1. Just to be sure, is residue 97 crowded, with 16+ Cβ neighbours inside 10 Å, out of contact with any Cys (no Cβ under 7 Å at 6 or more places or on another chain) and either at pLDDT below 80 or on the phi < 0 side of the Ramachandran plot (or both)?
2. Tally time: how many residues in region 119-171 are among the charged types (D, E, K, R), at pLDDT below 80 and surrounded by 14 or more Cβ atoms within 10 Å (Cβ to Cβ)?
3. Hey, does region 144-157 have a residue that's more than 23 Å from the chain's Cα centre (by Cα) and either of a type in the set (A, V, I, L, M, F, W, C) or outside any loop (DSSP other than H, G, I, E, B) (or both)?
4. Can you work out which of the residues in region 102-118 that are under 13 Å from residue 90 (Cβ atoms) and among the hydrophobic types (A, V, I, L, M, F, W, C) is surrounded by the most Cβ atoms within 10 Å (Cβ to Cβ)?
5. List pairs: first residue in region 104-120 and farther than 16 Å from residue 81 by Cα, second residue among the hydrophobic types (A, V, I, L, M, F, W, C) and surrounded by fewer than 20 Cβ atoms within 10 Å (Cβ to Cβ) anywhere in the structure, Cβ distance under 7 angstrom, at least six positions apart or on different chains.
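The values are calculated or read from the model by the stated rules, or taken from the named source; none is laboratory data. Since we're looking at a predicted model, the values are computed, not measured. Here the Cβ is made from the backbone with ideal geometry for all residues, glycine too, and neighbour counts use every protein chain on show.
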Amino acid sequence: MTRALRATGADYTRLFAMIRWPALVGALILLALAVGIVVQGPTEQRVVGPVPAGSTITSSLPGSVAFDVFVSTDAAADVVCRDGTGKQVSTLQFPIPDDRVIDGAPWFGTGARVELRDGESTACAATGAEVGDVLLVHRTGLVRVLQAALFGVVGLVGLGVWGVGTRAARRLRTVTS
């Protein structure tokens, strides 16, 4: 009885021969998505602010968005963001965001991250830099690069399955003829 339930090599060959066309279609769709993401551009950033340090800043982006906190002066040591009740809402992240030029002005990464929903606000203060501005930056470039890489790898695996299925179908045709 158990002998009848075992799969043979011919069963696996038929399986690959059966799924070769769906694997090809799926692979081509995923590879097209990966190319589309790369062509569209892997780096996007949306900014909220700038506002003076310690002032309230409100998110205008839809949904729940994670922002990196940047300051306008490199003298800032620690940056802490608090909500309206005084509760700390910022966290430290790794790696620390790098310094960059945004809209023609230099901004310095703080390593602080805050998550806000549309309409929520926070006040970010930097110790050591009471004068200066705070800018919240939402960066989606890493996520998009990872999406493109995942789609590309799975698409290539699909092409491999299609190739194996095509060989398996040829082998089945030669065995039956």
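1. yes
2. Within region 119-171, the first condition is being among the charged types (D, E, K, R), and the residues that meet it are 120, 130, 133, 139, 144, 167, 170-171.
The next check asks that each one be at pLDDT below 80; those that pass are 130, 139, 144.
Going one step further and asking which of them are surrounded by 14 or more Cβ atoms within 10 Å (Cβ to Cβ), we end up with 139, 144.
Result for region 119-171: 2.
3. Within region 144-157, not a single residue is more than 23 Å from the chain's Cα centre (by Cα) and either of a type in the set (A, V, I, L, M, F, W, C) or outside any loop (DSSP other than H, G, I, E, B) (or both).
4. 112
5. Listed pairs, sorted by first residue: 118/61.
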